[in-house]
1. Can you confirm whether Asn44 is within 14 Å of the ligand (Cβ to nearest atom), free of Cβ contacts under 8 Å to residues at least 40 places away in the same chain and of a type in the set (S, T, N, Q)?
2. Looking only at residues in segment 68-99 that are among the aromatic types (Phe, Trp, Tyr) and farther than 25 Å from Asn150 by Cα, which one is nearest to the ligand (Cβ to nearest atom)?
3. Looking only at segment 163-184, decide whether some residue is surrounded by fewer than 15 Cβ atoms within 10 Å (Cβ to Cβ), modelled with pLDDT of 95 or more, over 11 Å from Ile74 (Cβ atoms) and β-branched (Val, Ile, Thr).
4. Of everything in segment 16-38 that's in contact with a Gly (Cβ under 8 Å, 6 or more places away or on another chain) and under 17 Å from Asn95 (Cβ atoms), which residue is nearest to the ligand (Cβ to nearest atom)?
5. Going through segment 103-119 one residue at a time, which ones are of a type outside the set (A, V, I, L, M, F, W, C), modelled with pLDDT of 95 or more and more than 11 Å from the ligand (Cβ to nearest atom)?
6. Would you pick out the residues in segment 120-137 that are near the ligand (Cβ under 9 Å from one of its atoms) and among the small types (Gly, Ala, Ser)?
7. When segment 153-179 is examined, which residues are found to be touching a residue at least 12 places away in the same chain (Cβ under 8 Å) and of a type outside the set (Phe, Trp, Tyr)?
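The values are calculated or read from the model by the stated rules, or taken from the named source; none is laboratory data. Just so it is clear, the model here is predicted, and its values are computed rather than measured. Every residue, glycine as well, gets a Cβ built from its backbone with ideal geometry; the counts of neighbours run over all protein chains shown.
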Amino acid sequence: MSIKHKKLTKNDAPKTITNDERVMNENDFIVSKTDTKGVITYANRIFVQMSGYKTEEIIGANHNLIRHPDMPKIAFKLAWDTIKEEKEFFGFIKNLSKDGSYYWVFAYITADLDSRGNILGYTSFRRKPGRQAIEEITKVYKLLNNAEKNGGINASEKLLNKYLQNNKTTYDNFIHDLQLGIAA
Ligand SMILES: Cc1cc2nc3c(=O)[nH]c(=O)nc-3n(C[C@H](O)[C@H](O)[C@H](O)COP(=O)(O)O)c2cc1C
């Protein structure tokens, strides 16, 4: 006899968000795979541990189950625009665990292609981000969130582009420099 689980959605995410941080181990990878809509089809043991959900709760849930409200919308728009074009996305993501705690990751997301180049789904690997990178990106995400509160995603997109221009960098270089510990 199999036990049927209710499919978890964003509404099942914790309502009480705490300031408790879970920190990734240096040598760990968090891995997940999704279908073309972002519904999780595979989660490795470290993902299960860090998110606090059971494997059977995670599989079949949309990846936004672990979306943290501190993440600006523009970060995910950038991610989806990039991976849908079959390019590789890198970024820092703050995730929400089942108990309301959070954990930061340095994420890589890419499309899984069939032999004809059609997108079958997506795969993400995450490593531990640098501490300084988290401090820097936290400030940037705060600015982007504030822009979104007032002017929506158009405003945060403009702000991000201006920020990159002012720092004479591109999104990818900015992200990789942060992870390498090179100050923006
Ligand atoms: C392979 C893959 C991995 C993803 N990993 C995460 C993740 O770790 N955390 C997250 O919040 N969103 C992740 N996303 C993005 C979510 O699908 C979603 O766009 C995001 O949580 C924002 O959701 P919302 O627009 O419903 O607020 C991932 C998407 C894909 C395709």
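1. Working: within 14 Å of the ligand (Cβ to nearest atom): yes; free of Cβ contacts under 8 Å to residues at least 40 places away in the same chain: yes; of a type in the set (S, T, N, Q): yes.
Against the criterion (within 14 Å of the ligand (Cβ to nearest atom), free of Cβ contacts under 8 Å to residues at least 40 places away in the same chain and of a type in the set (S, T, N, Q)), Asn44 qualifies.
2. Restricting attention to segment 68-99, the residues satisfying the condition of being among the aromatic types (Phe, Trp, Tyr) are 76, 80, 89-90, 92.
With farther than 25 Å from Asn150 by Cα added as a condition, the list becomes 89-90.
Working: Phe89: 9, Phe90: 12 Å.
Of everything passing the filter in segment 68-99, Phe89 is nearest to the ligand (Cβ to nearest atom).
3. Yes, there is a match, as at least one residue in segment 163-184 is surrounded by fewer than 15 Cβ atoms within 10 Å (Cβ to Cβ), modelled with pLDDT of 95 or more, over 11 Å from Ile74 (Cβ atoms) and β-branched (Val, Ile, Thr).
4. Restricting attention to segment 16-38, the residues satisfying the condition of being in contact with a Gly (Cβ under 8 Å, 6 or more places away or on another chain) are 16-18, 20, 33-36.
In the following step, the residues that additionally are under 17 Å from Asn95 (Cβ atoms) were identified as 16-18, 20, 33-34.
Details: Thr16: 18, Ile17: 13, Thr18: 17, Asp20: 18, Lys33: 7, Thr34: 4 Å.
Among residues in segment 16-38 that are in contact with a Gly (Cβ under 8 Å, 6 or more places away or on another chain) and under 17 Å from Asn95 (Cβ atoms), the one nearest to the ligand (Cβ to nearest atom) is Thr34.
5. Restricting attention to segment 103-119, the residues satisfying the condition of being of a type outside the set (A, V, I, L, M, F, W, C) are 103, 108, 110, 112, 114-118.
Then drop every residue that is not modelled with pLDDT of 95 or more, which leaves 103, 108, 110, 112, 114-116, 118.
Answer for segment 103-119, where residues must be of a type outside the set (A, V, I, L, M, F, W, C), modelled with pLDDT of 95 or more and more than 11 Å from the ligand (Cβ to nearest atom): Asp114, Ser115, Arg116, Asn118.
6. Of the residues in segment 120-137, the ones near the ligand (Cβ under 9 Å from one of its atoms) are 121-124, 126.
Of everything in segment 120-137, those that are near the ligand (Cβ under 9 Å from one of its atoms) and among the small types (Gly, Ala, Ser) turn out to be Gly121, Ser124.
7. Let us first name the residues in segment 153-179 that are touching a residue at least 12 places away in the same chain (Cβ under 8 Å), namely 153, 156-157, 159-160, 163, 167, 169, 171-172, 175-176, 178-179.
Those that are touching a residue at least 12 places away in the same chain (Cβ under 8 Å) and of a type outside the set (Phe, Trp, Tyr): Ile153, Ser156, Glu157, Leu159, Leu160, Asn167, Thr169, Asp172, Ile175, His176, Leu178, Gln179.
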